[in-house]
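**Student:** Quick one: the structure is below, questions incoming.
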Amino acid sequence: MTSNASLPLLPLATMAAGLDLMLLTHQTEFLKTTNTGVLVTALSGDNRIQVRRPLWSRVAPDQQLLAAIASQPSFLLYPGPQAQLLDVQKWQLYWQQQLQQNAAETHEQQAESSNIGPPGPRLQLIVLDATWQLARKMYNQSAYLKQLPAISLDSTEKSVYRLRRNQQDMGWCTAESVCMLLSALGYLKAAAELQQLFLAFNQPEKAEK
């Protein structure tokens, strides 16, 4: 398996050819009614985005995930000391401005100028779908994850997820984190769709007892 550690940060000013979102999920999350990763799998408004939710295992890593890591640019969302900060609001504004510019052009011109430069490669983004405590365990027990270039979200938005106890203001849940990733990469329609799914899901009656 080759390492992607030398890859630069995501080519944000160029729309990727597509996104493969891998929600590497701890087994306990499949049993929780408060899990928001399932919302990400329900995304349907952008066929350039493919979502998979493999089970994390310390002793038997998902072979399809390992193969994808070896064959395409892959990044891990994890706020470790070596992670590169992703300024969510800066890039969201950038892509909003691009949409406004494209809206003023003809359909033919829009097809030519919707991206800056040619489309980038298809990217794989890996998100650890677990509590913060378990996500650290998953990371520390998975050598292949440590080889990946890591991204840490930089945003002033506070988490509004309140279905679990002792939530931190910046302790975004899986759905919130993926929303920010999609916004920063220019997939604004998908981000808005996921945001609506999350707001409908984030209701008091679903909270952990």
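What follows draws every value from the coordinates through simple rules; no lab data is involved. Note that the coordinates shown come from a computational prediction; the quantities given were computed from them, not determined experimentally. For neighbour counting, all protein chains shown are included, and Cβ atoms are generated from backbone atoms with ideal geometry for every residue, glycine included.
**Student:** Can you list residues from other chains, or at least 5 along the same chain, whose modelled amide H is less than 5 Å from the amide H of residue 129?
**Tutor:** Here the answer is 24, 25, 26, since their amide H atoms fall under 5 Å of that of residue 129.
**Student:** Subtracting the Cα-Cα distance from 0.36 nm times the residue separation, let me have the gained length for residue 159 to residue 96 in nm, one decimal.
**Tutor:** 20.5 nm
**Student:** Let me ask you something else. So who's got an amide H within less than 5 Å of the one on residue 84, skipping anything under 5 residues away but keeping other chains? H placed 1.01 Å off N, in plane.
**Tutor:** Close amide H contacts, sequence-distant or interchain: 150, 151, 152.
**Student:** How much length is gained on full extension from residue 103 to residue 32, taking 0.36 nm per residue of separation minus their Cα-Cα distance?
**Tutor:** 21.4 nm is the gain from fully extending residue 103 to residue 32.
**Student:** Per-residue HN-Hα couplings for the stretch 138-151, Karplus 6.51 cos²θ - 1.76 cosθ + 1.60 at θ = phi - 60°, whole Hz, x for Gly and Pro?
**Tutor:** Coupling constants for the stretch 138-151: 4, 5, 5, 9, 10, 4, 5, 6, 5, 7, 7, x, 9, 10 Hz.
**Student:** Quick one: what are the phi-derived ³J(HN,Hα) couplings along the stretch 179-187, Karplus 6.51/-1.76/1.60 with θ = phi - 60°, whole Hz, x for glycine and proline?
**Tutor:** 4, 5, 4, 4, 4, 5, 9, x, 8
**Student:** For the stretch 19-206, take N as its residue count and report Rg(C-alpha) divided by 2.2 N^0.38 Å.
**Tutor:** 1.06
**Student:** Could I ask something else about it? With charges set only on the Cβ (+1 for Lys and Arg, -1 for Asp and Glu), what does the dipole of the stretch 19-206 come to about its Cα centre, in debye to the nearest 20?
**Tutor:** 820 debye
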